[in-house]
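The next block holds one structure in the form of structure tokens; read it before the comments.
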Amino acid sequence: MSALTYKILHLLGVLLAFTALGGATLRALAGTGEDAAGRKLAGITHGVALLLILISGFGMLAKLGYDFPFPLWVWLKIVIWLLIGASVAVIRRLPAQATTFWFALPVLGATAAYLAIYKPF
């Protein structure tokens, strides 16, 4: 696959992840009970998105010629990926903080985008 195909798959994963996180956050804000179907759909979407982000991200790194040890910006993006991955469980356990997540998660996404575009460090 080309680097551009990996980039499109990576962006698709990001869109899916934030769709799932937005749904989980709104559910926590609304204080709804155990809606098994909605929760399951958000969980599956989030998991598929994380896998897609991970595979396409490393595929893109390989196509662009980055090798281990990775630059610092790649490690920071991996940390952000871990935070995004854990956030769905944290949102569920701390529904009182849903408003904080509503604003903090896009900041994480913007930070990841900044790191990918400018590649500092």
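For G38, are the conditions met, namely being in a helix (DSSP H, G or I) and modelled with pLDDT under 90?
Numbers: in a helix (DSSP H, G or I): yes; modelled with pLDDT under 90: yes.
Considered against the rule, which asks whether it is in a helix (DSSP H, G or I) and modelled with pLDDT under 90, G38 comes out as yes.
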Inside segment 101-111, the number of residues satisfying the requirement of being without any contact (Cβ under 8 Å) to a residue 40 or more places away in the chain and crowded, with 16+ Cβ neighbours inside 10 Å is 1
Kindly provide the set of residues from segment 59-93 that are closer than 18 Å to H46 by Cα, touching a residue at least 40 places away in the same chain (Cβ under 8 Å) and aliphatic (A, V, I, L, M), ordered by number.
I84, V88, I91
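With the condition kept exactly as written, say whether any residue in segment 48-59 is loosely packed, with under 14 Cβ neighbours inside 10 Å and out of contact with any Phe, Trp or Tyr (no Cβ under 9 Å at 6 or more places or on another chain). It would help to see each step written out before you state the result.
Residues of segment 48-59 loosely packed, with under 14 Cβ neighbours inside 10 Å: 51.
Keeping just the survivors that are out of contact with any Phe, Trp or Tyr (no Cβ under 9 Å at 6 or more places or on another chain) gives 51.
Scanning segment 48-59, I find at least one residue that is loosely packed, with under 14 Cβ neighbours inside 10 Å and out of contact with any Phe, Trp or Tyr (no Cβ under 9 Å at 6 or more places or on another chain), so the answer is yes.
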If I go through segment 14-47 residue by residue, how many of them are under 20 Å from F103 (Cα atoms) and small (G, A, S)?
9
Test L108 against the criterion of being modelled with pLDDT of 95 or more, in contact with a helix residue (DSSP H, G or I) (Cβ under 7 Å, 6 or more places away or on another chain), closer than 27 Å to T25 by Cβ and in a helix (DSSP H, G or I), and give yes or no.
yes
Which members of segment 48-89 meet the condition of being β-branched (V, I, T) and either more than 14 Å from the chain's Cα centre (by Cα) or farther than 30 Å from L29 by Cα (or both)?
I55, V74
Would you check if A86 is modelled with pLDDT of 95 or more and either touching a strand residue (DSSP E or B) at 6+ places or on another chain (Cβ under 6 Å) or over 22 Å from L9 (Cβ atoms) (or both)?
yes
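The values are calculated or read from the model by the stated rules, or taken from the named source; none is laboratory data. Everything numeric here is computed off the predicted structure, so don't read it as measured data. Cβ atoms come from the backbone with ideal geometry, glycine included; neighbour counts cover every protein chain shown.
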